[in-house]
1. Listed residues 111, 99; which is assigned to a loop (DSSP other than H, G, I, E, B), closer than 17 Å to residue 21 by Cα and either acidic (Asp, Glu) or touching a strand residue (DSSP E or B) at 6+ places or on another chain (Cβ under 6 Å) (or both)?
2. Just one of (1) surrounded by fewer than 17 Cβ atoms within 10 Å (Cβ to Cβ); (2) under 19 Å from residue 37 (Cβ atoms); (3) modelled with pLDDT of 95 or more trips up residue 115, so point out which.
3. Look through 94, 45, 36 and report the one residue that is touching a Gly at 6+ places or on another chain (Cβ under 8 Å), of a type outside the set (S, T, N, Q), modelled with pLDDT of 95 or more and not in a loop (DSSP other than H, G, I, E, B).
4. Report, by residue number, each residue of the range 86-119 that is in contact (Cβ under 8 Å) with a residue 12 or more places away in the chain and of a type in the set (S, T, N, Q).
5. Tell me whether the range 69-82 contains one or more residues that are assigned to a strand (DSSP E or B) and out of contact with any Pro (no Cβ under 6 Å at 6 or more places or on another chain).
Amino acid sequence: MAGIVFLRSQDLEKMKFFYTSIGSKIWIDQGDCIIFKHDNFLFGFCEGDKISKDGLLTFFYKNKQDVDDIYQRLQQQTAAKPTENTEYNIYNFFTTDPEGRKLEFQTFLHEIDFSWENYR
């Protein structure tokens, strides 16, 4: 089973630029809707009058260095550096996208199954 999370956007061009700049690929561009792929995460934006800001988009990486690398790209718009969260055994930081949606970038500090990588 697969799925896609869709959100409303008022500026798809900004979304294209931002999300591709952090490593997401455009999977399908339907003109008024665009679907991104970030490893096994599919998420999309469709043009709308209002911006969807509820929820949290979480991107996870294999290791701390990958999180630090994305932090370096986004540190100008990020309030705090990555830290270890002992409650969830992750290393993460939060920021927002150009339309104000909350984003999290993290790695798990314990072993996880990356077998989904074969399905890119």
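1. Values: 111 fails: closer than 17 Å to residue 21 by Cα.
That would be 99, the only listed residue that is assigned to a loop (DSSP other than H, G, I, E, B), closer than 17 Å to residue 21 by Cα and either acidic (Asp, Glu) or touching a strand residue (DSSP E or B) at 6+ places or on another chain (Cβ under 6 Å) (or both).
2. All conditions pass for residue 115, except number (3).
3. On the way: 94 fails: touching a Gly at 6+ places or on another chain (Cβ under 8 Å); 45 fails: touching a Gly at 6+ places or on another chain (Cβ under 8 Å).
Sole residue among the options that is touching a Gly at 6+ places or on another chain (Cβ under 8 Å), of a type outside the set (S, T, N, Q), modelled with pLDDT of 95 or more and not in a loop (DSSP other than H, G, I, E, B): 36.
4. Of the range 86-119, the ones in contact (Cβ under 8 Å) with a residue 12 or more places away in the chain are 89-110, 114, 116-117, 119.
89, 92, 95, 96, 106, 107 - these are the residues of the range 86-119 that are in contact (Cβ under 8 Å) with a residue 12 or more places away in the chain and of a type in the set (S, T, N, Q).
5. Start the filter on the range 69-82 by keeping residues that are assigned to a strand (DSSP E or B), which leaves none.
Scanning the range 69-82, I find no residue that is assigned to a strand (DSSP E or B) and out of contact with any Pro (no Cβ under 6 Å at 6 or more places or on another chain), so the answer is no.
Results for (1) in contact (Cβ under 8 Å) with a residue 24 or more places away in the chain; (2) basic (Lys, Arg); (3) under 16 Å from residue 98 (Cβ atoms), shown as yes or no for each residue.
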| site | (1), (2), (3) |
| --- | --- |
| 4 | yes, no, no |
| 14 | yes, yes, yes |
| 18 | yes, no, yes |
| 42 | yes, no, no |
| 57 | yes, no, yes |
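The values are calculated or read from the model by the stated rules, or taken from the named source; none is laboratory data. Quantities reported herein were computed from a predicted structural model and do not represent experimental measurements. Backbone-built Cβ (ideal geometry, glycine too); neighbour counts: all protein chains shown.
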